[in-house]
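Only one structure is covered here, and it is reproduced in the block below.
The values are calculated or read from the model by the stated rules, or taken from the named source; none is laboratory data. Predicted model only: the values in this text are computed from it and were never measured. Methodologically, a virtual Cβ is constructed for each residue, glycine included, from the backbone with ideal geometry; neighbour enumeration extends over all protein chains shown.
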Amino acid sequence: MAANPEKLKVVSQLSRRDILFGIARVPGTARVFLASSDAGVYVADLSQPKPDFKEIGKHKSYVTSVVLAGSSVVSGGYDGRLCWWDTQKLTQVRALDAHKKWIRKLAVSPDGRALASVADDMVCRLWDAASGKLLNELRGHTEKTPHHFSSMLYACAFSPNGKHLATGDKTGHIVVWETATGRQVTTLEAPVMYTWDPVQRVHSIGGIRSLAFSGDGALLAVGGMGKVGNIDHLEAKARVEVFDWQNGKRTAEFPGDKFTGLVERLEFHPKGDWLLAAGGAMDGFLMFLDLKAKKALKQEKVQTHVHDVALNEDRDTIYAACHGRVGVFSLKG
Amino acid sequence: MAVRRNNFCGSPEHAIDRRGFLGGVAAGAAGLAGLGVLAEPAVAAEMKKQQKRCILLWLAGGASQLETWDPKPGVETGGPFSAIPTSVPGVHISELMPKMAQRMKHTCLIRSLNTRNGDHNSGAQIMIRGRRDEPNLKYPDLGAVLARELGRADSQVPDYVAFYFATEGRGSAPGSAGFLGSRYAPMELYKSMMPENIVRHKDVSDGDHKDRAELRDLLSKQFARGRVSPTLASHNEAYQRVRGLMASDKLFDVTREPQTMRDLYGPTQFGEQVLVARRLIEAGVPFVRVSRAWWDSHGQNFETHQEMVPELDHVMAALLDDLGQRGLLEHTLIITLAEFGRTPQINPSLGRDHFASAWSCSLSGCGIKGGAVWGKSDQTGNRVVDGEIGAAQLFATIYSALGINPQKHYYVGSRPVPLTDPGTKPIKAVLA
Amino acid sequence: MLMGGNNRGRSLNDYLTRALKENRPWDRIFRDLVLPDENDPAKKGAGEFLRSRIMDLDRLTAEVSVVFFGVNVSCAQCHDHPKVDDWKQDHFYGMKAFFSRTFDNGGFLAEREYGEVRFKTTKGQEKLAKMMFLSGRAVDDPAGTRKPSGEEQRKEREQLEAAKRKRQPPPAPKFSARAKLVETALQPGQGDFFARAIVNRMWHRVFGHGLVMPLDQMHSANEPSHPELLQWLARDLVEHHYDLRRLVRGLVLSKAYSRSSRYPTGPAPRPDLFAVARVRPLTPMQLATSLRLATTDPSSLPASLKLEEFEKRIEQTENSARGFARDFEQPGDDFQVSVTEALLFSNSERMQRDVLADGGDRLVGRLKQIQETKVLVDVAMRNVLSRAATEEEQRLLGDYLKRRADRRVEACRQVVWALLTGSEFRFNY
């Protein structure tokens, strides 16, 4: 039976003291690597009723992203470092000072060969996932916001065929790059995702926090939140915009009607059945969006802010990295 | 005559200058009329330079102590930022403040404020007045007290200028002269870099503006003959200050600064206002408050501080450098202060909430022992473990740094009211 | 003094205006305010005094003591008064106990028959506050420390909810602590506080300086400047049923009041001798209204206007002045005119284009049509300062106008400006 969002239910919720920002699953298993605010990278087998979280190594600050690349898992953090760890031996293979500022997100090309990292130095760096060799530097995001403050580069994602890579920044600027050459193919804008408050509070909030290409590579989904009234809080509705990026057209927008907060993670069902948007504010959410009907299929509250998810091959199990917990959800019919 | 109310810092290096200056005052007291003292250029220049001043950088909404002056890297509550060493061995501050880290020899940190009030309104009132109002007694705020203590009765510049452009929190702690009366109320700038009504109306020529003021004076003098009233006198004094204040419009004009100087402070609103504050201070304004709002990061604390702290770091460093080069830093106290700090606990919106139990502020420049650190919060930042102080001791320290006796009395009717609550002692360890 | 400086008090303002107009005795006003009957439409608004303060009992306690009894006990909230032997913590909490059972129930005042106030003494002991008036007279409390049963509480809640639904005041308690306060304060012997406070306040209002200063420091360590006079006036007030009009008439007809504010030779005598009248700054409303009236063309308010019409016009003027009044500060005892006010008068658009406008019904509009300078000066003087110009002023203002013959309208504006900004206009003298 195919994954059915209507059947969404909680399988387990494991409390932790830390904030989990990233999760990566070893194919064919329920074994996951986790990126933690305590600077550690953890491994755990979530098929166990009471999984043991084993720390395999440490960064110097929050670890914000983990991805699998061949026999390695790669972690990136606010210390600007990239660390390669052997998924079996759980030892460090390599560590690089990759960025001068916070690394926000990593992505691996579908063939596992290229690794992309984005950071607040506003550069996207492409690495040879196996050797750690720097392949290219992609510069297309301005360092300052229009209001003279440091900008941030939050999100990146590869297209399914690996030929393209998208990056998105705080001000709502998106660049699609050609992976092989580092050429800018196109730029898109989602300005609603960035709120600058010039009157009440004189600073900003928001940004593009998640990107995902559809299974056929034609669509690019962009996640964040809408315009915020009181920027002291994540109080705007969670927001997703979808672009036919090759034609520079926005084909759908989901301004959100139920949950407030940031869309931290987007994942298309490979056949296009739905688009999963996960994120949160004080609480978290999982939203399944129907692109054809342009409406939400299912929207479910999660006890706490969801920062990242990993899905299994059948797309019927969701492993979620959250604020103070790890959640497992089932979509089995 | 122009009698200055402030005291001198008393350090030996100023002894000679002080003698020279006091000579001038003595001569004035012996009969030099009116502005005679000011007419002596050497004394006047010295006086202007030695006058003590204060700039308050008011971090409205509550900046996080953990992302500024009291970082706790590596603990659960510490957040993602690291701590960096400063030019003072053993003192570390947040990595978001690399420029201030290099200038720590001018600055002391107080890491042990426990002010017990996590409400924006009442917290701000306490932190701007140094105490709580009584039902029938409104206390003057820091600016009003300093305007009175450091300003000159016949000043041609404002005594107390307050910038607050953001609208959020503006009403929480409006400048207030309390029982000192409106003579010491702030000139408040809310929307425009130029104070209200400081520029002559275009329908009135300069000559007529001056002449009609003289006509007014003549008529009012007739009325004042044989009538003695401080209030009546204040009416005429207020009008006598109008033309001088109007001439200070240039002080508010940031475009009169060379581009290099504007670049030094940066293009943000806060940067420009602090640059104007320096212009005002240099011209003899004793107190300027520049409010940078709004730090209330219940959501996205780290993004907010990543955005706002580097600006504070940059602007504050520019101000210290600039004042230093002008020889004004040792006479100018710079305070960073808020109504409270932020919780060590990080909420699921990656925010920090209101927290008044263990937070920090900084004092730089005049009267301060640079590099000193007072007080200590525990490992997680949840409570003060050493040197706990409240608003009263902080204010006593501020007054002392400016050479003002914190136990000096004002009189409200027949009731003596000390500047800070009876028995409050300044923190000597951070005073030069 | 009763309005608490906010806008909510419109209905209270209406009540007070009406009460003073019909010369309601001061003890009755006191009763209406502290013990309002919210069923009585004639006294509508009186309840606002308590309602607007009930959320903060400490403030209410302090303000009632200041306003009605001339006593500031707020220092005694935390400790026995350091300088004044009269005031102990027992006094503050004793007064508070009269109000602690009062609360807001859906916009109406309600009062329970039970409830206690406890406080910590400076020695750290917890103490139960007895209802006690400032004179030290304690009131027996039938409830004592009795706590109502669960059943009684449930019934009470139901009653309160029912009253809320019906938008009615809840039933009065059988024993009202507030009623006891009113009763005690007005008893012979205890009444000294009440009568002396209002006499002192009225004296202050008329003379600009109280017989006791400050007004909230009427205690044994702060003697009145004229003790017999204060005592006599207080006794007279009580004997004549707290007739405020009689009191004010007496003060205004006194020799002291008729004295000039000018003391021609030698150093001026101390203010508490009342040998010379005090100049007093206008209140914001007085100033704004006066500005409006002083710059209105006098011919638009002719003497032939019917009284009704005249009052209506004055009311309109007051209403239009309200906005401007917000720009001015309420003067206290040691009021100082701010430079902000001087700048506002000197350079604001409002002053130049509104107050000094030369339209049809405005003073400057009228002046610009007067050819003869002497007449012009006289009209301006009479309109702004309600008196004729002296010879010296005729010469001064006449010269000023003559030198600006090429810009007569502007010159008129400037002359009016100089009169409006002058101290004679700003002060009541």
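On the basis of being surrounded by fewer than 16 Cβ atoms within 10 Å (Cβ to Cβ), more than 30 Å from C:F207 (Cβ to Cβ), of a type in the set (D, E, K, R) and touching a residue at least 12 places away in the same chain (Cβ under 8 Å), does C:D406 make the cut? Before the answer, list the steps.
Values: surrounded by fewer than 16 Cβ atoms within 10 Å (Cβ to Cβ): yes; more than 30 Å from C:F207 (Cβ to Cβ): yes; of a type in the set (D, E, K, R): yes; touching a residue at least 12 places away in the same chain (Cβ under 8 Å): no.
No.
Per-residue answers, yes or no, for (1) crowded, with 17+ Cβ neighbours inside 10 Å; (2) touching a Phe, Trp or Tyr at 6+ places or on another chain (Cβ under 8 Å); (3) part of a loop (DSSP other than H, G, I, E, B):
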{"site": "C:M202", "(1), (2), (3)": "yes, no, no"}
{"site": "C:V206", "(1), (2), (3)": "yes, yes, no"}
{"site": "C:W232", "(1), (2), (3)": "no, no, no"}
{"site": "C:R235", "(1), (2), (3)": "no, no, no"}
{"site": "C:P267", "(1), (2), (3)": "no, no, yes"}
{"site": "C:L293", "(1), (2), (3)": "yes, no, no"}
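Of the candidates C:P284, C:P331, C:P269, C:P302, the single residue that is in contact with a Pro (Cβ under 8 Å, 6 or more places away or on another chain) and either in contact (Cβ under 8 Å) with a residue 24 or more places away in the chain or more than 8 Å from chain B (Cβ to nearest Cβ) (or both) is C:P331. Mind listing whichever residues of segment B:194-218 are more than 9 Å from chain C (Cβ to nearest Cβ) and closer than 16 Å to B:V157 by Cβ? Matches in segment B:194-218: B:M194 only.
Touching a residue at least 12 places away in the same chain (Cβ under 8 Å), surrounded by fewer than 19 Cβ atoms within 10 Å (Cβ to Cβ) and among the basic types (K, R): does that describe A:R25? It is false that A:R25 is touching a residue at least 12 places away in the same chain (Cβ under 8 Å), surrounded by fewer than 19 Cβ atoms within 10 Å (Cβ to Cβ) and among the basic types (K, R).
For segment B:225-241, name all the residues that are part of a helix (DSSP H, G or I), facing chain C (nearest Cβ under 7 Å) and over 9 Å from C:V279 (Cβ atoms).
Step one: of segment B:225-241, the residues part of a helix (DSSP H, G or I) are B:230-241.
After this cut, where a residue has to be facing chain C (nearest Cβ under 7 Å) as well, the list is B:230-232, B:234-236, B:238-239, B:241.
The answer is B:P230, B:S234, B:H235, B:N236, B:A238, B:Y239, B:R241.
Based on what the data block shows, is C:L363 hydrophobic (A, V, I, L, M, F, W, C), in contact with a Leu (Cβ under 9 Å, 6 or more places away or on another chain), in the same structural domain as C:A288 (by TED's automatic domain parsing) and farther than 30 Å from B:P230 by Cβ? Yes: the conditions hold for C:L363. The listed residues are C:L160, C:L128, and the only one of them that is crowded, with 16+ Cβ neighbours inside 10 Å and either over 15 Å from C:K174 (Cβ atoms) or not assigned by TED's automatic domain parsing to the domain that holds C:H219 (or both) turns out to be C:L160.
Report, by residue number, each residue of segment A:28-48 that is polar (S, T, N, Q) and crowded, with 20+ Cβ neighbours inside 10 Å. Result: A:S36, A:S37. Across segment C:334-372, the qualifying residues are those that are at the interface with another protein chain (Cβ under 8 Å from one of its Cβ atoms) and among the polar types (S, T, N, Q), and the one among them that is surrounded by the fewest Cβ atoms within 10 Å (Cβ to Cβ) is C:S348.
For B:I198, the conditions (1) within 25 Å of the chain's Cα centre (by Cα); (2) closer than 30 Å to C:R259 by Cα; (3) outside any helix (DSSP H, G or I); (4) hydrophobic (A, V, I, L, M, F, W, C) all hold with the exception of (2). Would it be correct to say that A:L275 is in contact (Cβ under 8 Å) with a residue 60 or more places away in the chain and over 19 Å from the mean Cα position of the chain (by Cα)? No, not satisfied.
Answer yes or no: is there a residue in segment C:389-404 that is assigned by TED's automatic domain parsing to the domain that holds C:R350, over 23 Å from B:G207 (Cα atoms) and part of a loop (DSSP other than H, G, I, E, B). Yes: one or more hits.
Scanning segment C:409-423 for residues that are at the interface with chain B (Cβ under 10 Å from one of its Cβ atoms), in a helix (DSSP H, G or I) and either of a type in the set (G, A, S) or surrounded by fewer than 18 Cβ atoms within 10 Å (Cβ to Cβ) (or both) yields C:A411, C:A418, C:S423. Beta carbons closer than 6 Å, at least 6 apart along the sequence or on distinct chains, pair a first residue in segment B:251-279 that is surrounded by 18 or more Cβ atoms within 10 Å (Cβ to Cβ) with a second that is of a type in the set (G, A, S) for B:L251/B:A283; B:L264/B:A318; B:Y265/B:G271; B:Y265/B:A318.
For a quick check of your reading: which helices (runs of 4 or more DSSP H) sit entirely within segment B:91-192 and have at least 1 residues that are surrounded by fewer than 24 Cβ atoms within 10 Å (Cβ to Cβ) and within 12 Å of another protein chain (Cβ to nearest Cβ)?
On the way: elements: B:98-101, B:120-129, B:142-150.
Ranges flagged: B:120-129, B:142-150.
Any residue that is in a loop (DSSP other than H, G, I, E, B), over 23 Å from B:F395 (Cα atoms) and away from every other protein chain (no Cβ under 14 Å) - is there at least one of those in segment B:64-86? For segment B:64-86, residues in a loop (DSSP other than H, G, I, E, B), over 23 Å from B:F395 (Cα atoms) and away from every other protein chain (no Cβ under 14 Å): present. Screening B:R225 against (1) under 29 Å from the mean Cα position of the chain (by Cα); (2) without any contact (Cβ under 8 Å) to a residue 60 or more places away in the chain leaves a single unmet condition, (1). The single residue among C:A234, C:A288 that is assigned by TED's automatic domain parsing to the domain that holds C:E424, within 22 Å of the chain's Cα centre (by Cα) and not acidic (D, E) turns out to be C:A288.
Is it fair to say A:A321 is among the small types (G, A, S) and touching a His at 6+ places or on another chain (Cβ under 6 Å)?
Taking the combined requirement at face value, the residue satisfies it.
If the condition is being within 14 Å of another protein chain (Cβ to nearest Cβ) and either of a type in the set (V, I, T) or within 14 Å of C:W26 (Cβ to Cβ) (or both), then segment C:202-243 contributes only C:V212. Of the residues that make up segment C:299-306, is at least one of a type in the set (S, T, N, Q), surrounded by fewer than 15 Cβ atoms within 10 Å (Cβ to Cβ) and either outside the structural domain of C:A405 (by TED's automatic domain parsing) or not in a loop (DSSP other than H, G, I, E, B) (or both)? Within segment C:299-306, one or more residues are of a type in the set (S, T, N, Q), surrounded by fewer than 15 Cβ atoms within 10 Å (Cβ to Cβ) and either outside the structural domain of C:A405 (by TED's automatic domain parsing) or not in a loop (DSSP other than H, G, I, E, B) (or both).
Taking segment C:324-351 only, how many residues are part of a helix (DSSP H, G or I) and under 16 Å from B:Y239 (Cα atoms)?
Taking segment C:324-351 first, the residues part of a helix (DSSP H, G or I) are C:324-325, C:339-347, C:349-351.
Narrowing the set further to residues that are under 16 Å from B:Y239 (Cα atoms) leaves C:339-347, C:351.
Number of matching residues: 10.
For segment C:41-70, a tally of residues being buried (at least 24 other Cβ atoms within 10 Å of the Cβ) and within 11 Å of chain B (Cβ to nearest Cβ) returns 4.
Any idea which residue in segment B:280-307 is surrounded by the most Cβ atoms within 10 Å (Cβ to Cβ), counting only those that are within 12 Å of chain A (Cβ to nearest Cβ) and small (G, A, S)? Let's see the steps before the verdict.
At the first step, the residues of segment B:280-307 found to be within 12 Å of chain A (Cβ to nearest Cβ) are B:291-307.
Within this subset, residues satisfying the condition of being small (G, A, S) are B:291, B:293, B:297, B:299.
On the way: B:S291: 24, B:A293: 24, B:S297: 30, B:G299: 26.
By that ranking, first place goes to B:S297.
Of all residues in segment B:302-323, those that are in contact (Cβ under 8 Å) with a residue 24 or more places away in the chain and farther than 21 Å from B:Q51 by Cα have Cβ atoms under 7 Å from Cβ atoms of residues that are surrounded by 21 or more Cβ atoms within 10 Å (Cβ to Cβ) and of a type in the set (D, E), 6 or more apart or on another chain, in B:H305/B:E67; B:V309/B:E67.
Taken over segment C:97-144, the criterion of being of a type in the set (F, W, Y) and assigned to a loop (DSSP other than H, G, I, E, B) is satisfied by C:Y114, C:F133.
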